[in-house]
Amino acid sequence: MKKPFFFVNSIISVSLAVVVTGCSLAPGMHYEEEGVLKEFSSSDATKEIESRVELVRLTPKTVQLQDAVDASLPAALASYQPDDYRVGIHDAIQIVVWDHPEITTPAAGVTAMGVNSRIVKNDGTVFLPYAGEVKIAGKTLGEARKLIATRLARFVESPQVDVTVVDYASQHFSVNGEVLKPGRQIVTAKPINLLDGIGLAGGFTDISDRRDVSLVRDGRRYQLDMIALATQGVDLANIYLKDGDTLFVPDNTDQKAYVIGEVNRPKAVEFSYKGLTLTDALGEVGGVSQLFADASDVYVVRSADQLGRKAKVFHLDAASPVALVVADKFSLQPRDVVFVGASDVTRWNRVISQLLPSLNVVDKSNDIKNN
């Protein structure tokens, strides 16, 4: 490829602003088979480009690889499996000793749910006649049953003990941001996955950004692109939440891509909750200009997301038969800049239009001299 294109000239790390400036590929610059820019000329200007920009040709193969890189499930979240529920402070539990209601029920014959429940105290204990103060905080229900039965065995022959939680109050996770009922949710004995957690919070709002959901766990933040993960076949129901987790769903009101160059209506295009593809963005601006655009020169400029990493410029030959499929599969990211280049005729006409004022001045000067 030896055609002009626009590239990222500077990246401001705080704002991730993209400055697009004109430049030409040097004669020695071309793609390798995978689509990544490989060779450059030895000019100083091109070496500067090489050090700051990676050029990627958009093909079905590179789009598939790009999606795989952009959306991945952190191993720590994929491997976590919830343990059996452990009783905690302030949980209300119900203890039943079969054939011995006098131990667990204040008045014989009273069996209403909750009447004989006990709140786990701040020291993690509950009181039970004959068994005394039993520390059950931090134990599973099975472990609590065995401990209480062991204590009662000194007074009751082969006690049959049942322990259940009637009011969960010790463990919580939070769901905040663009959900209908943000706030704290209770962890119960039933494992709660990512979808359950959002459902308990009332579900997403219309302006939620489902591609940038964050999960904070044990002081570490994980970013989740729920749309991309689901598209790739990742079962979000296998991502489980636990006590202390915080989910945050941002809004997408400031999530925009910028479409400029030879298009019919250059503008900033907003993302929907499903995201934004290159096809969507070009459609929002009325497509490429039939009169002035070079369909083979469509570029997506993406600033580096980390210091020290290269910015990327993705190139699509929209005149190619597979271009529509590729563009529809390529997902844009917020603050991407889509640039459509001008045709050779348009470039020539613009050069002439810029020279004409100067030519007119020269003509007038010659007329004055001749007169």
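Couplings for region 245-250, taken from phi via the Karplus curve 6.51 cos²θ - 1.76 cosθ + 1.60 with θ = phi - 60°, read 5, 10, 9, 10, 10, x Hz in order; Gly and Pro are left as x.
In this structure, Ile207 and Trp98 have a Cβ-Cβ separation that, at R0 = 51 Å, corresponds to a calculated FRET efficiency of about 0.40.
A crude spin-label estimate for the pair Asn264 and Asp344, with each label 7 Å from Cα along the Cβ direction, gives 2.7 nm. Positive contributions from Lys and Arg (+1) and negative ones from Asp and Glu (-1), summed over other residues with Cβ under 12 Å from the Cβ of Leu195, come out at -1.
Around the amide H of Leu55, modelled in the peptide plane, lie the amide H atoms of Leu37, Val313, all under 5 Å away and 5 or more residues distant in sequence or on another chain.
Heavy-atom accessible area, probed at 1.4 angstrom with all protein chains present, ranks Lys267, Lys256 as Lys267, Lys256, highest first. The amide H of Thr246, built 1.01 Å from its N in the peptide plane, has Ser174, Val216 as neighbours under 5 Å, considering only residues 5 or more places off or on other chains. Near Gly88, once Lys and Arg are set to +1 and Asp and Glu to -1 for all other residues with Cβ below 11 Å from its Cβ, the sum equals 0. Loop-located GluC sites (Glu not before Pro) in region 134-239 (DSSP state not H, G, I, E or B) with no more than 10 neighbouring Cβ atoms inside 10 Å: Glu157.
For Leu276, the residues 5 or more places off, or on other chains, whose built amide H falls under 5 Å of its own are Leu332. Spin-label model, Ser320 to Arg220: label points 7 Å out along the Cα-to-beta-carbon direction sit 3.8 nm apart.
Under the convention that each Lys and Arg Cβ holds +1 and each Asp and Glu Cβ holds -1, the size of the dipole of region 222-311 around its Cα centre is about 180 debye.
Taking all protein chains into account, the per residue accessible area for region 173-257 stands at 47 Å² (1.4 Å probe). Pairs with C-alpha atoms separated by more than 27 Å, drawn from the list Lys139/Lys181; Lys61/Lys312; Lys181/Lys267, are Lys139/Lys181; Lys181/Lys267. Provide the per-residue ³J(HN,Hα) series for region 266-283, in order, calculated from phi with Karplus coefficients 6.51, -1.76, 1.60 and θ = phi - 60°, each as a whole number of Hz, with x at glycine and proline positions. These are the phi-based 3J(HN,Hα) values: x, 5, 7, 10, 7, 7, 8, 5, 8, x, 8, 9, 4, 4, 4, 5, 5, x Hz. If the chain linking Asp243 and Tyr80 were pulled fully straight, counting 0.36 nm for each residue of separation and taking away their Cα-Cα distance, it would gain 57.4 nm.
The values are calculated or read from the model by the stated rules, or taken from the named source; none is laboratory data. Everything quoted here is computed from the prediction, not taken from an experiment. Cβ atoms come from the backbone with ideal geometry, glycine included; neighbour counts cover every protein chain shown. Calculation scope for accessible area: heavy atoms of the full protein, side chains included, ligands and nucleic acids excluded. Shrake-Rupley method; radii C 1.70, N 1.55, O 1.52, S 1.80 Å.
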